[in-house]
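Undergrad: Encoded as structure tokens, here's the structure I'll be asking about.
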Amino acid sequence: MSAQEKIETAVRKKEAGNLLFKSGKYQRAGKKYDKAVDYISEDGCFGDGDHKVVKALRVSCWLNGAACCLKLNNFNGAIELCSKVLDIEFHNVKALYRRAQAYMETADLVLAELDIKKALEVEPQNREVKLMQKNLKQLQGESNKRDATLYTNMFAHMRNDFSVATKGESEEVQLFYYFVKLENNPAEDPLLLWLTGGPGCSTFSALIFEIGALYFESVPYHGSLPALEINQHLWTQVSNIIFLDSPVGTGFSYATICNNFACFSFRRLSSNSDDTRWLIDHQEFLSNPVYVGGDSYSGIILLVVQHISNGNEDDAEPFINLKKQKWLLGYLLGNLVTDFAMEKRAQFRFSLGMRLIPD
């Protein structure tokens, strides 16, 4: 097929798509526009005189395809097609307008605002774009109110002023945490201390990727900021949770002296001394059953639980209500790693003792 025949075929496909669009058959229309672009793709061999025509035809098909995507609520598809147009015509008002529409539908209000501003720089008096700007401001106001309510409820306490000092010494440790209150009955239901290992992984990963109230929306990257969505299986439906950045040096937790880095114990977090302690500050949780959990390097949790249990037996204050159910202590573990070097050596001793390898 010659270059001229490809152009003529693409024009016919586009015109067929226009008729289908006018009759409300948006999906079929979109396929016609895709077919038209296939005939005039980048790989086509066109002469110098044809390039301008081919470019205009390709842009028109992409814009019409984006309009079909908007009608079909395929907003990511509309964003992709408009972005193709803007790659070669960065000032194309139709592409900016339609991409802003799609961004607004996907709650990417920051990117929508950027596209609207660019469109108004090109056509300051464009009524449709100005109306969209007005609608965007209303959506931004509503979004800000929702976010304020959401974060107020989700983070009952979020503090980074938590200081733990070794008794009789000047060393100071600053432990950062997110505290998320239970939605139902926080005064009586469990209190879970969640540790994320690594070692050195911030507990923010658990908060936003695993068991917290929000997730990052999982969508293909298209240049926008990440969006948040509600986690339907959030653990704060059944427990209060302290997401602790531990050990020191992880996330926002830090020490003023190097010797204190990588140190942690829950009793230091909760013991009664001259410094403010979490459980002393939040005495309404002193009688709550306490669980300790985490994933990755969670072998350390066994040591933490044992430390708490020993402290309770020694009548240390405050008493931590480490929950017991039948034979099971109140802890949960994922990826039971404690120390790679130690565990590597233990594998050989275990294998030898079990006669899995010869003497």
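Undergrad: Counting Lys and Arg as +1 and Asp and Glu as -1, what is the net charge of the other residues whose Cβ lies under 12 Å from the Cβ of PRO226? Working shown, then result.
TA: Values: positive: none; negative: ASP108, GLU217, GLU229.
Local net charge: -3.
Undergrad: Also: Step through the residues of region 52-68 one at a time and calculate ³J(HN,Hα) from phi using the Karplus curve (6.51 cos²θ - 1.76 cosθ + 1.60, θ = phi - 60°), rounding each to whole Hz and writing x for Gly and Pro.
TA: Computed from phi, the couplings for region 52-68 are 5, 5, 4, 4, 4, 5, 5, 4, 4, 5, 5, 5, 5, x, 5, 4, 5 Hz.
Undergrad: Once you list every other residue whose beta carbon is under 14 Å from the beta carbon of GLY77, what net charge do they have if Lys and Arg are +1 and Asp and Glu are -1?
TA: So the environment of GLY77 carries a net charge of +2.
Undergrad: Same structure again: Are any of the pairs LYS22/LYS118; LYS25/LYS71; LYS55/LYS84; LYS25/LYS118 more than 21 Å apart by Cα-Cα distance, and if so, which?
TA: Working: LYS22/LYS118 29 Å; LYS25/LYS71 10 Å; LYS55/LYS84 12 Å; LYS25/LYS118 31 Å.
LYS22/LYS118; LYS25/LYS118, as the Cα separations exceed 21 Å there.
Undergrad: Enumerate by residue number the GluC sites (Glu not before Pro) in region 37-127 meeting two conditions: DSSP loop (anything except H, G, I, E, B), and at most 12 other Cβ atoms within 10 Å of the site's Cβ.
TA: Working: sites: GLU42, GLU80, GLU89, GLU105, GLU113, GLU121; in loops: GLU42, GLU89.
Taking region 37-127 and a limit of 12 other Cβ atoms within 10 Å, the loop GluC sites (Glu not before Pro) found are GLU42.
Undergrad: Leaving ligands, DNA and RNA out of it, work out the accessible area of HIS51 with a 1.4 Å probe and give it in Å² to the nearest 10.
TA: For HIS51, the solvent-accessible surface is approximately 90 Å².
Undergrad: Rolling a 1.4 angstrom probe over the protein chains, ignoring ligands and nucleic acids, what is the accessible area of GLU123 in square angstrom, nearest 10?
TA: Around 80 Å² of this residue is reachable by solvent.
Undergrad: Say each of GLU217 and GLU15 gets a label point 7 Å from the Cα, pointing the same way as Cα to Cβ; how far apart are those two points in nm?
TA: Distance between the two pseudo-spin positions: 4.0 nm.
Undergrad: Please give me, ordered by residue number, the chymotrypsin sites (Phe, Trp or Tyr not before Pro) of region 68-151 that lie in loop per DSSP and have at most 12 other Cβ atoms within 10 Å. Walk me through the numbers on the way to the answer.
TA: Values: sites: PHE75, PHE90, TYR97, TYR103, TYR151; in loops: PHE90.
Here the sparse-neighbourhood loop sites are PHE90.
Undergrad: Let me check something: with ligands and nucleic acids excluded, how do ARG12, ARG127 order by accessible area (1.4 Å probe), largest to smallest? Provide the component values of the computation, followed by the final result.
TA: Details: ARG12 140, ARG127 205 Å².
Per-residue accessible area, sorted high to low, gives ARG127, ARG12.
Undergrad: Continuing with the same structure: With each pseudo-label sitting 7 Å past Cα toward Cβ, what's the LYS52-HIS233 distance in nm, one decimal?
TA: A separation of 5.9 nm, rounded to one decimal place.
Undergrad: Here's another thing I want to ask about it. Hey, if we sort TRP235, TRP194, TRP62 by accessible area with the 1.4 Å probe, largest down, what's the order?
TA: Values: TRP235 90, TRP194 10, TRP62 35 Å².
Output order, biggest surface exposure first: TRP235, TRP62, TRP194.
Undergrad: Local charge sum around CYS68 (other residues, Cβ-Cβ under 10 Å, Lys/Arg +1, Asp/Glu -1)?
TA: For residues surrounding CYS68, the net value is +4.
Undergrad: Sort MET132, MET354, MET104, MET1 by heavy-atom solvent-accessible area, probe 1.4 angstrom, most to least. The partial results should precede the final answer.
TA: Details: MET132 10, MET354 110, MET104 35, MET1 135 Å².
Most to least solvent-accessible, the answer reads MET1, MET354, MET104, MET132.
Undergrad: Not counting ligands, DNA or RNA, and with a 1.4 Å probe, what is PHE209's accessible surface area in Å² rounded to the nearest 10?
TA: 130
The values are calculated or read from the model by the stated rules, or taken from the named source; none is laboratory data. All of these numbers come straight from a predicted model, not from anything done at the bench. Neighbour counts run over all protein chains shown; Cβ positions are idealised from the backbone, glycine included. For accessibility, only protein heavy atoms count, side chains too; no ligands or nucleic acids. Shrake-Rupley method; radii C 1.70, N 1.55, O 1.52, S 1.80 Å.
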